[in-house]
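The values are calculated or read from the model by the stated rules, or taken from the named source; none is laboratory data. Source: prediction; values computed, not measured. Counting neighbours? That spans all protein chains shown, and the Cβs are built from the backbone with ideal geometry, glycine included.
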Amino acid sequence: MNKNTPVTDLKGIGPKTADLFHARGVYTAGDLLTYYPVHYEAFDPPVRPADALPGQTVTLALTISGRPVRAGSGARRIVHIKAAGEGTGVRLTWFNMPYIGNSLPVGSRHYFRGRLGRTGAGLLYMEQPAVYTPAAYAGIQGTMQPRYSLTKGLKNNQVRKAVAQVLEEYAYPADYIPEEDRALLGLTGLRQAYRQIHFPMNMKELAEARRRLIFDEFFEFILSVRRQKEAGEELVNTRPMEDRPEVEAFAERLPFALTEGQRQAWREIRRDLTGPRLMNRLLQGDVGSGKTILAFLALYLCAANGRQGALMAPTEVLAGQHMKSLTELIEQYDLPLHPVLLTGSLTAARRRDIYERIRLGMADIIIGTHALIQDAVEYKDLGLVITDEQHRFGVRQRENLAGRGDSIGVLVMSATPIPRTLAIILYGDLQVSELRELPAGRLPIKNLAMPQAGRGKALRFILGQIAAGRQAYIICPAVEEGMMEELENVRDYTEKLRGALPAGIRIASLHGRMRPAEKDAVMEAFAAREADILVSTTVVEVGINVPNATVMMVENAERFGLSQLHQLRGRVGRGKEQSYCIFLYAGDGEKPERLQVLEKNNDGFKIAEEDLKLRGPGDIFGTRQSGEMGFVMADIYHDAGVMKEAAAYVDSVLARDPDFALTLTKSVDFRSI
């Protein structure tokens with residue numbers, strides 16, 4: 001069995017089950033090896049309810065003391081059952097499981113596993129707990145069981161069995177890190193790492209496996225960056241642009257003054273475009289720091305030199321907003337520019353018309369999504385490529401655009417501030433410009449971190465904002481029950497919220513498993529004020545400009561890194577009204593240190609530096625920052641130390657073998673992400 005063996009060759013996987021695996025992006029044995037668990041259940045011995053800590057996932061041995069009480073109807077059916085353990089009562093609640101009470105008669109004893117909560121009145125409760133007989137629980141007690149991200153119809157046990165078979169029969173390639181180097185680096189072997197990431201015996205084994213696989217991700221990415229840097233050093237700007245007075249005049253006529261940071265970044269961008277070396281620059285700064293106007297100035301300079309400029313955004317909604325903003329500036333200042341918007345949802349006739357305008361040079365600014373790099377797009381004279389939210393685009397996509405003509409400069413923009421020490425590693429092929437200040441007149445966001453027991457108070461505040469005509473975001477770390485069982489998830493949360501809030505409150509939901517068109521439709525509806533509350537995963541972190549949204553509430557905030565929480569917070573505070581961010585954390589103990597930092601600070605660069613200090617290697621179960629740079633497991637803040645070691649090892653390998661080629665069990669092509 002090798003990395004290309006189809007999953008249909010595995011025992012127990014027929015065509016229907018294979019389709020379920022395919023829905024999760026798993027087609028081969030290699031895919032299964034890197035289909036890492038999203039969580040692990042450590043099945044510890046049951047505890048007494050009186051000794052359990054609210055906010056934690058625990059197993060309780062309880063005796064059913066009351067008959068089921070059912071409420072709601074349709075998709076909102078709820079079952080409450082009273083139980084007790086050694087004299088302490090616990091209320092058990094299930095959603096959309098109307099028959100659960102039939103298997104739990106009064107007087108029966110079972111083990112219930114879930115996140116324990118405590119009401120304001122002191123009553124202990126569990127929502128949606130897993131139920132075990134004492135014998136069944138005894139069979140798994142003391143083990144760490146992997147939990148995988150699933151889709152409807154696909155069971156966790158099916159994934160476990162398939163992975164176990166692959167681990168047993170896989171023909172692993174030779175480890176690219178020699179044994180003596182692994183000893184120096186403190187890394188386990190590749191085969192052992194795959195076994196331990198899926199079926200660790202303990203936390204030590206899990207940490208060892210995670211460290212090795214993260215090292216591999218960083219190594220491959222940094223090797224690719226080094227190759228790009230070598231190629232980029234040879235690129236001469238054979239067609240430097242000329243400074244154009246009308247562009248500078250436009251910059252001076254803007255209704256707002258550029259900050260000093262914007263002025264410095266614009267000088268650097270202009271110097272690149274008019275200089276002897278091709279521009280290859282990163283522009284990073286907080287949401288709202290003014291990156292977009294600098295992109296428009298660069299596109300104007302390009303068009304004023306008779307060439308074409310392209311701006312690629314990660315979503316159709318964001319591309320449409322860029323087009324709208326640029327069109328308004330063109331009309332307001334009577335600018336001689338001719339932009340077009342190119343996205344995948346256009347009709348075939350409209351798309352052909354835009355293709356022709358681009359080919360003939362009638363369009364000098366092209367704004368769009370991945371549609372910009374389709375083979376059918378033929379540019380007359382492309383001179384500048386700008387990508388927004390750069391971590392959503394890989395090197396190959398930028399190369400694709402940059403290879404569409406002669407002497408094309410590249411500007412990549414990111415609203416995720418990264419400390420310079422890490423940026424040098426991650427963006428080794430790019431020059432870096434930073435915007436560290438916000439435009440004048442922007443009201444700072446007011447922040448509050450509080451235990452989840454205060455959720456009711458927070459929701460009442462949100463309702464007050466909605467009554468005033470505002471909107472709100474609520475962020476959950478998971479899509480559905482079963483991904484990370486003790487965390488709030490979008491689907492259940494949305495249903496519970498609809499049952500708890502007044503009927504007139506319009507609630508929409510958004511998550512990464514939706515098709516792109518579905519996500520765009522939800523975001524457009526929210527921007528059009530057709531929903532009052534948007535319940536979402538972190539997919540909204542690269543979203544839309546909704547100035548009317550003034551509140552963000554983040555569930556399980558303790559599970560996120562500082563920088564991602566700050567990035568999410570950037571969805572509010574974009575209008576004239578005062579905005580607020582509420583961070584809810586599990587338990588009723590001391591407020592997590594990282595949340596204290598967020599309460600006091602709105603500066604993304606300072607927060608990024610704090611993130612490096614506070615995210616420790618022991619935080620294995622923390623929610624990752626996001627899929628930045630296309631990493632599957634690695635997190636640039638949480639794993640910064642491993643990243644630096646991988647960078648040093650790349651340099652040592654290339655010093656020994658400049659033509660080194662990497663072969664992994666399943667190579668993630670970061671250039672294609």
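Applying the set (1) assigned to a helix (DSSP H, G or I); (2) over 30 Å from the mean Cα position of the chain (by Cα) to residue 326 leaves exactly one unmet item: (2).
What helices (runs of 4 or more DSSP H), lying completely within region 149-247, carry at least 1 residues that are under 30 Å from residue 8 (Cα atoms)?
So the answer is 156-169, 190-198, 203-232.
Taking the conditions (1) outside any strand (DSSP E or B); (2) in contact with a helix residue (DSSP H, G or I) (Cβ under 9 Å, 6 or more places away or on another chain) in turn, residue 261 satisfies each one other than (2). Could you please find all residues in region 68-83 being surrounded by fewer than 19 Cβ atoms within 10 Å (Cβ to Cβ) and assigned to a loop (DSSP other than H, G, I, E, B)? Listed by number, the residues that qualify are 72, 73, 77. Being among the basic types (Lys, Arg) and in contact (Cβ under 8 Å) with a residue 40 or more places away in the chain, is that true of even one residue in region 95-109? Looking for residues that are among the basic types (Lys, Arg) and in contact (Cβ under 8 Å) with a residue 40 or more places away in the chain, one finds at least one in region 95-109, hence yes.
Would you point out the residue of region 110-133, among those that are aromatic (Phe, Trp, Tyr) and out of contact with any Ser or Thr (no Cβ under 6 Å at 6 or more places or on another chain), that is surrounded by the fewest Cβ atoms within 10 Å (Cβ to Cβ)?
My answer is 125.
Within 27 Å of residue 149 (Cβ to Cβ) and assigned to a loop (DSSP other than H, G, I, E, B), is that true of residue 40?
Criteria not met by residue 40.
Going residue by residue through region 456-472, is there one that turns out to be within 17 Å of residue 533 (Cα to Cα), polar (S, T, N, Q) and at pLDDT 80 or above? Yes.
Within region 410-465, the set of residues being farther than 30 Å from residue 125 by Cβ, among the small types (Gly, Ala, Ser) and touching a helix residue (DSSP H, G or I) at 6+ places or on another chain (Cβ under 6 Å) comprises 414, 428, 433. Only one of the listed residues (8, 34) is more than 30 Å from residue 110 (Cβ to Cβ) and crowded, with 17+ Cβ neighbours inside 10 Å. That residue is 34. Just one of the numbered conditions (1) modelled with pLDDT under 90; (2) under 30 Å from residue 22 (Cα atoms) is not true of residue 146: (1). Checking each residue in region 218-266 for being modelled with pLDDT of 90 or more and closer than 30 Å to residue 176 by Cβ picks out 218, 219.
Restricting the first residue to region 538-549 and requiring it to be within 19 Å of residue 417 (Cβ to Cβ), which pairs with a second residue that is part of a loop (DSSP other than H, G, I, E, B) and at pLDDT below 80 meet a Cβ separation below 6 Å and a spacing of at least six or different chains? Here the result reads 538/626; 542/389, each pair linking region 538-549 to a residue that is part of a loop (DSSP other than H, G, I, E, B) and at pLDDT below 80. Test residue 224 against the criterion of being closer than 20 Å to residue 419 by Cβ, hydroxyl-bearing (Ser, Thr, Tyr) and touching a residue at least 60 places away in the same chain (Cβ under 8 Å), and give yes or no. Taking the combined requirement at face value, the residue does not satisfy it.
Is at least one residue of region 571-579 of a type in the set (A, V, I, L, M, F, W, C) and touching a Ser or Thr at 6+ places or on another chain (Cβ under 6 Å)? Yes, region 571-579 contains at least one residue that is of a type in the set (A, V, I, L, M, F, W, C) and touching a Ser or Thr at 6+ places or on another chain (Cβ under 6 Å). Taking the criterion of being surrounded by 18 or more Cβ atoms within 10 Å (Cβ to Cβ), hydrophobic (A, V, I, L, M, F, W, C) and under 17 Å from residue 34 (Cα atoms), the residues of region 199-229 that qualify are 199, 206, 209, 213, 214, 215, 218, 219, 221.
It is to be established whether one or more residues within region 84-95 are at pLDDT 90 or above and assigned to a helix (DSSP H, G or I). No; the residues of region 84-95 include none that is at pLDDT 90 or above and assigned to a helix (DSSP H, G or I). Among the residues of region 152-193, the one identified as basic (Lys, Arg) and either crowded, with 19+ Cβ neighbours inside 10 Å or in contact with a strand residue (DSSP E or B) (Cβ under 7 Å, 6 or more places away or on another chain) (or both) is 160. For region 308-317, the condition holds for at least one residue, the condition being that it is in contact with a Leu (Cβ under 9 Å, 6 or more places away or on another chain), closer than 20 Å to residue 527 by Cβ and part of a strand (DSSP E or B).
Restricting to region 344-376, name every residue that is over 19 Å from residue 296 (Cβ atoms) and not in a helix (DSSP H, G or I).
Scanning region 344-376 gives 344, 345, 346, 347, 361, 362, 374, 375, 376.
Scanning region 429-470 for residues that are part of a helix (DSSP H, G or I) and small (Gly, Ala, Ser), we see that the one that is surrounded by the most Cβ atoms within 10 Å (Cβ to Cβ) is 458.
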